[in-house]
Amino acid sequence: MRYIFSFTVVFSILCSKIGLSQDKITLNGYIKDANNGEALIGATLFIKEIQGGTATNVYGFYSITLPPGEYTVEYRFVGYETQERAISLVANLRADIEMAPESQQLEEIVVTGEADDENVSSIEMSSNKLDIQTIKRLPAFLGEVDVIKSIQLLPGVSTVGEGAAGFNVRGGNVGQNLVLLDEAPVYNSSHMLGFFSVFNPDAVKDTKLYKGAIPAQYGGRLASLLDVRMKEGNSKEFSASGGIGTVFSRLAIEAPIVKDRSSFILAGRRSYIDVLAAPLLDDTQLNFYDLTMKTNYDLDENNKLYLSGYLGRDNFEFDENQGFNWGSQTATLRWNHLFNDRLFSNFSAIYSNYDYELAFGEDANDSFAWSSNVQNYILKSDLSYFVDNFNEINFGAHFIYYQFTPAEATGVSDGETIDISIEDKYTLESAVYVGNKQDLNSQWSLEYGLRFSAFHYFGPGTVYTYEDTPPGERREVASSEEFDSWETVASFYYPEPRFAFKYQLNPSSSIKGSYNRMVQYIHLISNTTASNPLDVWVPSSNNLDPQISDQFTLGYFKNLSSNRYELSAEVYYRPSQNQVEYIDGADLLLNEFLEGDLLSGEGRAYGLELLLKKVKGEFNGWVSYTLGRTELQVEGINNGDWFPTRFDQTHNLKLVGFYDLSERVSLSGTFTYTTGTPATYPTGGYIQQGLLIPYNHGDSRNNVRIPDFHRLDLSLRWDMKRNKRGKERKNKDYLSISFYNVYARRNAFSIYFTQSDDRANLSQPWTGNSTRLSIIGTIIPSVSYNFQF
């Protein structure tokens, strides 16, 4: 650890000295919203004389180095008035810019708030940025805006069904996505078993999904990174926003603490199904709530502090003795520091916790209680050195300390208490990285880097080794050994190279490619149809190797009709190692010897993603289509042959449209079609003592598919009048009327079989039932009122 820290310090000092010794001149600063002081992420700086420029980072900071001279600088951001300034560079210049939103509403709904040609000019690929205003225009279940449901409308992103928690990216499982809220990892991103996300839209500023070409500063998951950034709070004046919906209401307030220097935002939500249904539910509690906050303070022009946090919980309590609940808590403290005009740094201290509790029983003499959690303590340093107009070096170091509590569980029977808890596990993950974005010339751009990660599994605790058994069978314990605190049980070290390129064919088209290796040291243990709150996270150990993937991506990007349309086509191939699978009949919960029920195999995911967006005009939206396959090969399962994963969907089609009927009324709609997901069904059976026993010939896995999924959602937004008695109203409000599942499709979540009550007779055909479980089988209308003042 000390070597990684020393590397970061030495590198930052070196860059600081280099930055001070250059003869060229640096123009830098922050770009913010003139109305509320929010930093604008991805705002562009374009210099006419060199026909190039740069963009702001996630903190709204930019830096560009130029020879001395006279320049004409344009500051641009979609939805804001472009500013043009004549600047004379004779010495390093700090220029903080405030941009005003356009006075008239843009006749476009965009997926990204970036430059018009960003689709073809940026080196980024396999990533999507959803503007929060776009998210708010989409039809939503029960009228409530949802970040997670919105990203499922993008190519390569899917879910196994309605009501499923989380999301799947390019065939990966839910646990292979790194979800960050202001840099803090979120282990369960859903409320109400998957119907709503934990992200309050009134507190969210920016959402970006990486499916590939992931920068070297990120690691820890195989499939994707979802980076959610919160608002800082209005530093100009008090404001409030919120909504009253069918299921829950929300309220956010923000205001300056010291005008233009410090501000805060506080946002809360609570559902009230249990309140409305109280006469029918007796003591039952069915609700969720969350609270999101953030504050910041500008110490001086070179130092800024940020403090943010999240607290949320779901409660399914049936009486005082029975029920379960789960929730997350995060806290992030960040310090932005400018060492000099070219060296920007961010230092973070982060806490994250996910926990759940389950209890049932008649009374204190007959009961069961189980709680589990995973905690993170994180230190990060991320630095950017803007070498010149053509190079930006990013480097840093990360440390993550994990504490896993699989189970604190007790059972009471006739007053006798039995402790069936499982020991905690302790690990440390660390990484150091360096990467460079480099423009070689007007056609070629490169981004390359290396991340080196390490993982250590420590005591105290009992560590088991297991016997070798035939593939697919449970492994019994061979021996055990006690380890003291901080005594190393197992260690892993991996280099994770990253590389991306862009070749500009012409001003309106480009070819991009990328390669990245990802290593995942922690594993989500779940063999249910969809991830649920009681799933268990476990670390890599002496019995469980880290998961590794290598992803190769190639794409063609094209803008049409003066950037009115954006087209992209990407192919990807991702082989992976050490994928976790389970023996038949695996015991995953409250199992001290869980690792004996786990299997390891190879994986592969490959496919084609197409995206066509129309970003200008009264009618706009996008069409996305994914053709993909995701497969596993595990010795002991399916005769050792490749088989589709539970998340495999061959075809995935999404249609999204927005249409402005007038200045105040707009329509939106989404249509989703996906191939049914795989499931394992018996291939035959035999009769024993009059009962039919199902049988799976050849031990096949995921041998059939449930019916295809398709659904249409529609929404109408009606903005209230902006003027009253000839004066402009200060508040903005609108009604959102949504129709979820318009043609009442009963999409199958799963299909299961039951026998008839009568025993089977050898001389008669067997009778039984197959049941299709549909989470939602009818149209669901809703109305919500939303306001801002």
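Computed quantities for the displayed model
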| item | result |
| --- | --- |
| Whole-number percent relative contact order across the chain, with pairs defined as alpha carbons under 8 Å at least 6 apart | 10 percent |
| Dipole of the range 646-736 [Lys/Arg +1, Asp/Glu -1 at C-beta], most positive-end residue of His651, Thr677, Asn731 | Asn731 |
| Theoretical FRET efficiency, 1/(1+(r/R0)^6), r = Cβ-Cβ of Val90 and Arg564, R0 45 Å, to 0.05 | 0.65 |
| For Pro139, net neighbour charge (Lys/Arg +1, Asp/Glu -1) across residues whose Cβ lies under 15 Å away | +3 |
| Under 11 Å, Cβ to Cβ, from Ala359 - net charge with Lys/Arg +1 and Asp/Glu -1 | -4 |
| Tyr310 - accessible surface, heavy atoms, 1.4 Å probe, Å² rounded to 10 | 10 Å² |
| Surface per residue (accessible, 1.4 Å probe) for the chain, Å² | 42 Å² |
| Scaled radius of gyration (Cα, divided by 2.2 N^0.38 Å) that the range 588-708 gives | 1.62 |
| Relative contact order (%) - criterion: Cα under 8 Å, at least six apart; region: the range 408-499 | 27 percent |
| The range 656-731, Rg to Rh (Cα coordinates; Rh as Kirkwood inverse mean 1/r) | 1.50 |
| Acute angle (nearest 10 degrees) that the helix 2-21 long axis makes with the longest principal axis of the chain, alpha-carbon atoms | 20 degrees |
| Percent carbon-and-sulfur accessible area, the range 443-573, ignoring ligands, DNA and RNA, probe 1.4 Å | 54 percent |
| Tail beyond 20 Å, pair distance distribution of the range 251-327 (Cα, percent) | 51 percent |
| Charge dipole magnitude, Cβ of K and R +1, D and E -1 - the chain, Cα centre, debye nearest 20 | 3640 debye |
| Whole-number percent relative contact order across the range 138-178, with pairs defined as alpha carbons under 8 Å at least 6 apart | 24 percent |
| Positive-end extreme of charge dipole, the chain - chosen from Pro470, Val387, Gly361 (charges on Cβ) | Val387 |
| The range 161-215 - percent of accessible surface contributed by carbon and sulfur, probe 1.4 Å | 59 percent |
| Charge sum, other residues only, whose C-beta stays under 10 Å from Lys259's C-beta, Lys/Arg counted +1 and Asp/Glu -1 | 0 |
| Alpha-carbon centroids, the range 329-343 and the range 608-675: separation in whole Å | 37 Å |
| Ranking by accessible area, most exposed first, for Glu728, Glu423, Glu496, Glu581 with a 1.4 Å probe | Glu728, Glu423, Glu581, Glu496 |
| Pairwise label distance in nanometres, Lys727 with Ile420, each label 7 Å out on the Cα-Cβ vector | 6.8 nm |
| Accessible area (Å², 1.4 Å probe, nearest 10) - Lys149 | 60 Å² |
| Distance from the range 161-239 to the range 508-561 (C-alpha centre basis), Å | 14 Å |
| The chain - mean residue ellipticity at 222 nm from DSSP helices (-39,500 (n - 2.57) per run, n ≥ 4, rounded to 500) | -1500 deg cm²/dmol |
| Listed residue (Gly161, Ala605, Ser562) projecting farthest to the positive dipole end of the chain, Cβ model | Ser562 |
| Unit charges on C-beta of K, R, D, E only; dipole of the range 180-237, Debye | 200 debye |
| Fraction of antiparallel bridges per DSSP, the chain only, in percent to nearest 5 | 95 percent |
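The values are calculated or read from the model by the stated rules, or taken from the named source; none is laboratory data. Not measured: the values here are computed from a predicted model. Using ideal geometry, Cβ is built from the backbone for each residue, glycine included, and neighbour counts are taken over all protein chains shown. Remember, those area values only see protein heavy atoms, side chains included, never the ligands or the DNA or RNA. Shrake-Rupley method; radii C 1.70, N 1.55, O 1.52, S 1.80 Å.
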